[in-house]
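The values are calculated or read from the model by the stated rules, or taken from the named source; none is laboratory data. Everything numeric in this text was worked out from a predicted model, so none of it was measured. Every residue, glycine among them, receives a Cβ derived from its backbone with ideal geometry; neighbour counts consider all protein chains shown. Heads up: the accessible areas ignore ligands, DNA and RNA and are worked out on the full protein's heavy atoms, side chains in. Shrake-Rupley method; radii C 1.70, N 1.55, O 1.52, S 1.80 Å.
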Amino acid sequence: MEVNGTANILSSAYLAVEYVDSFLPGNPLQEPLKHAWNHMLQNYSKFQIATWGSLIVHELIYFLFCLPGFIFQFLPFMQKYKIQPDKPETWEKQWKCFKMLLFNHFCIQLPLICGTYYFTEFFSIPYDWDSMPRWPFILAQCFGCAVIEDTWHYFLHRALHHRRIYKYIHKVHHDFTAPFGMQAEYAHPAETLILGAGFFIGIMVFCNHMILLWAWVAFRLLETIDVHSGYDIPLNPLHLIPFYAGARFHDFHHMNFVGNYGSTFTWWDRLFNTDSQFMKHYSQHKAVKSD
């Protein structure tokens, strides 16, 4: 009964997206993307695309999205947006973070990426251009993946903060009380596996083309690097996402260690009142700013 209910919800969601899509204009980048995608299919095997392609996509997107935050530390006019201005980034912290990232990316995440090809083959996930969903469907699927990942992240992240296990695993991620973008995937290897599992659950539910894997990688990295950036930038387009947590919400988690356990959205913290300390802090911040 539950399976049928979930299927009905997903079917209704797809119909709604299809209806909205019928009113949207064509994508001007479609032809160049089609040419590039078909060129890739003609010159590389599915295994190469799924494995090395996914690794390249992950590494390029991760460090590309980290670049603005890295540059901000050298721009004096950006410091007014830094959430914890009394705790600047240092070369020592950034080098320590970079070394851990290299280990996690190539010793933990790469073996998982190597299973991508077998996942797509087992579930008959297509690679061809004609089977690729249009961008509104991909956005809707990424949003669905984010909802699932955020739910997994909230409860497992909150569990990792339990006093009996915190010092063994999650404490590593809290080495920095003032986060910066590159620190988004700085974590104990066990945490990389535990919290990272939430990334794959949405893929298991929604994936109907190889492109969704890469789109979801891009969306998830953009979000997690943004909330770890340490900068509350005005007119951030991600704030248009309903219930989006943002940098100030997650920055408080690193500063306070308690509460604000969600990764992307605020609703679980609001429901379980684990954002109460943040709401009090934020109210005081707004009052001081308005004076």
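The table that follows gives values for the structure above.
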quantity	calculated
Test: residue in the stretch 138-150 that is more than 23 Å from H228 (Cα to Cα) and of a type outside the set (V, I, T)	yes
For S283: the one exception among (1) among the small types (G, A, S); (2) in contact (Cβ under 8 Å) with a residue 12 or more places away in the chain; (3) farther than 18 Å from I61 by Cα	(2)
Which numbered condition G202 misses (of (1) within 17 Å of F265 (Cα to Cα); (2) open to solvent by 40 Å² or more (accessible area, probe 1.4 Å); (3) touching an Asp or Glu at 6+ places or on another chain (Cβ under 7 Å))	(2)
Answer residue from the stretch 146-171, given it is among the basic types (K, R) and in a helix (DSSP H, G or I) and is nearest to the chain's Cα centre (by Cα) among those	R158
The stretch 226-244 residues that are within 22 Å of Q183 (Cα to Cα) and of a type in the set (A, V, I, L, M), paired with ones that are part of a strand (DSSP E or B) and open to solvent by less than 30 Å² (accessible area, probe 1.4 Å) (beta carbon under 7 Å, 6 or more apart)	L238/Y244
Yes/no for A187 being small (G, A, S), surrounded by fewer than 19 Cβ atoms within 10 Å (Cβ to Cβ) and in a loop (DSSP other than H, G, I, E, B)	no
Helices (runs of 4 or more DSSP H) (entirely within the stretch 29-140) containing at least 3 residues that are under 30 Å from A178 (Cα atoms) and open to solvent by 40 Å² or more (accessible area, probe 1.4 Å)	54-72, 91-103
The one condition in (1) surrounded by fewer than 18 Cβ atoms within 10 Å (Cβ to Cβ); (2) of a type outside the set (G, A, S); (3) not in a loop (DSSP other than H, G, I, E, B) that T177 fails to fulfil	(3)
Scan of the stretch 225-238 for residues that are buried (at least 21 other Cβ atoms within 10 Å of the Cβ) and in a helix (DSSP H, G or I), ordered by number	I225, D226, V227
Unmet criterion (only one of (1) part of a loop (DSSP other than H, G, I, E, B); (2) open to solvent by less than 20 Å² (accessible area, probe 1.4 Å); (3) not hydrophobic (A, V, I, L, M, F, W, C)) for N273	(2)
Residue pairs meeting the criteria (Cβ under 8 Å; at least 6 apart or on separate chains; first more than 17 Å from V205 (Cα to Cα) and modelled with pLDDT of 95 or more, in the stretch 119-132; second not polar (S, T, N, Q) and not in a helix (DSSP H, G or I))	Y127/H209
Members of the stretch 173-195 found to be small (G, A, S) and farther than 14 Å from C107 by Cα, listed by number	A178, G181, A184
Test: F143 is under 20 Å from Y244 (Cβ atoms), open to solvent by 30 Å² or more (accessible area, probe 1.4 Å) and in a helix (DSSP H, G or I)	yes
